[in-house]
Each structure stands twice: as structure tokens, then as C-alpha cells.
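Scroll down for the structure; my scribbles are underneath it.
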Amino acid sequence: MRSSAPPLLPIFRSQLQGELLAAVLLAPEREESLSELARRLGADVGTVQREVSRLERAGIVRSRRVGNTRLVSADTRAPVHRSLAEVVLRAFGPRQVVAEEFLGVRGVEDLYIFGSWAARYRGEEGPAPADLDVLVVGAPDRGEVYDAATRAERRLGREVNATIRSSESWKGGLDGFVRQVRSSALIRVAGDRSEEASG
């Protein structure tokens with residue numbers, strides 16, 4: 001995992017710190033173990049533990065032990081909790097919000113974020129993304145997809161553009177749009193991060 005300041009919002013120390021804050025602050029009711037967080041973030045448990053300890057000393061997260069397991073959650077009593085959660089939502093929350101809003105739509109087989117947000121997320125320098133481009137693969141109802149995009153827009157405070165492609169079109173790769181998307185930064189929203197692609 002990169003350790004330099006992330007292009008999505010370089011006020012954070014690292015991409016991992018931003019993703020960890022999103023995982024914890026955007027679901028304040030949830031407690032997760034260090035190993036669960038590490039698995040979800042695709043990071044080493046020791047690295048996650050050090051980052052959690054820093055955040056706990058700052059009063060942003062809290063943890064408790066249950067046997068040998070350290071459970072981590074947001075410290076919602078922290079004076080900065082609401083403001084920091086809002087910043088984290090805008091910068092690192094799109095992947096989580098898109099998953100929550102789109103994966104319940106019938107007929108969605110796969111889901112990706114592409115375009116400028118994906119490029120910044122993958123570490124490419126450039127201007128801050130103004131909108132979010134979502135690729136929906138499958139045969140969903142278009143109205144339901146656009147309703148999901150509208151809900152995500154409201155939560156993220158930025159325009160969400162959804163494009164639908166059939167499984168055949170996505171797997172075949174003959175469509176010019178599909179070729180272009182596959183050759184650039186592409187973040188898989190659901191599933192194994194190893195399946196992400198980047199040009």
C-alpha cells in the first residue's frame with residue numbers, strides 16, 4: 001500500500017489512513033477487529049494496528065479488547081467526528097456508498113468506478129474529481145440504476161453518472177467505451193481487489 005499522501009485528498013498521511021478512516025467513520029455503529037479491517041483494506045495487520053493506535057491517541061477511534069481480539073470503532077463523542085466523517089465521505093467514501101446503493105439493484109452482476117475519481121484513488125496526480133463515474137455490468141432495470149445514482153449523489157454531494165453495459169459487452173471488450181474504460185484506472189466496487197485493473 002502506498003505510504004505517500006493520496007492524490008484524492010493529500011491532507012491525509014497515506015491512502016491507508018484515508019481508507020481506514022472511511023471504513024470506521026462511515027459505519028460508526030460497527031465494530032471490527034484489526035484482522036477484519038486489514039483484510040478489507042488489503043493491508044498488513046501490523047500496519048493497520050499502528051494506524052489505529054495513532055487514531056486512537058488522537059481521539060478519533062476507540063478500541064476494546066474481547067479476549068485476544070482488539071475491536072475498533074469510531075469515537076462518535078470526539079468533537080471532530082462529524083466534520084471529519086464528512087470530509088472522509090467526500091474523498092474516500094464513494095466506493096462504500098456506491099456498493100451500498102447499487103448492489104441491491106436486481107440484475108447487477110458487477111460494479112466499477114472509473115474516470116477521474118478512480119485515477120486519483122489509484123494514485124494518479126491530477127485535479128480533484130468533480131463527479132463520479134460508475135459502470136454497472138449486467139441487465140438491471142435502468143430506472144433502478146438511476147435511482148441508485150441519485151441516492152449516491154445525495155450522500156456524496158457530487159454528481160454520479162451511471163453507465164450500463166451487458167455482461168457480453170463487458171467480457172467481449174469489443175465496444176469502444178469498454179476498451180477505453182478497461183485501459184484506464186478502474187476500481188472494482190464489489191469483490192476481490194486483485195481483479196481491479198489500471199492502464
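Throughout, read-outs are computed from the coordinates displayed, never taken from laboratory work. It should be emphasised that the depicted structure is a prediction, and the values quoted were computed from it without experimental measurement. FYI the Cβ positions are ideal-geometry reconstructions off the backbone, even for glycines, and counts take in every protein chain you see.
Projecting the Cα atoms of 186, 134, 17 onto the charge dipole of the chain (Cβ charges, centred on the Cα centre) puts 17 farthest toward the positive pole. Springs between alpha-carbon atoms under 10 Å, Gaussian network over the chain: tell me which of 149, 185, 139 tops the mean-square fluctuations. Evaluated over the chain, the most mobile residue of the options is 139. Only Lys, Arg, Asp and Glu carry charge here, each on its Cβ (+1 for the first two, -1 for the last two); on that basis the stretch 94-195 has a dipole of about 160 debye about its Cα centre. Counting only DSSP beta bridges whose two residues both lie in the stretch 94-195, roughly 55 percent are antiparallel. Consider all pairwise Cα distances in the stretch 94-195 and report the whole-number % of them above 19 Å. Result for the distance tail: 39 percent. Taking the chain as a Gaussian network of alpha-carbon nodes connected by springs under 10 Å, the highest mean-square fluctuation of the residues 65, 182, 151 belongs to 65.
The overall shape of the stretch 15-92, judged from the alpha-carbon gyration tensor, is oblate: a/c is not under 1.5, and a/b is no greater than b/c.
Highest mean first, how do 52-63, 170-181, 13-24 rank when packing is the count of other Cβ atoms within 10 Å averaged over residues? Show your work: numbers first, answer last.
On the way: 52-63: 16.4, 170-181: 13.0, 13-24: 21.7.
Per-residue Cβ counts within 10 Å, averaged per peptide and sorted highest first, yield 13-24, 52-63, 170-181.
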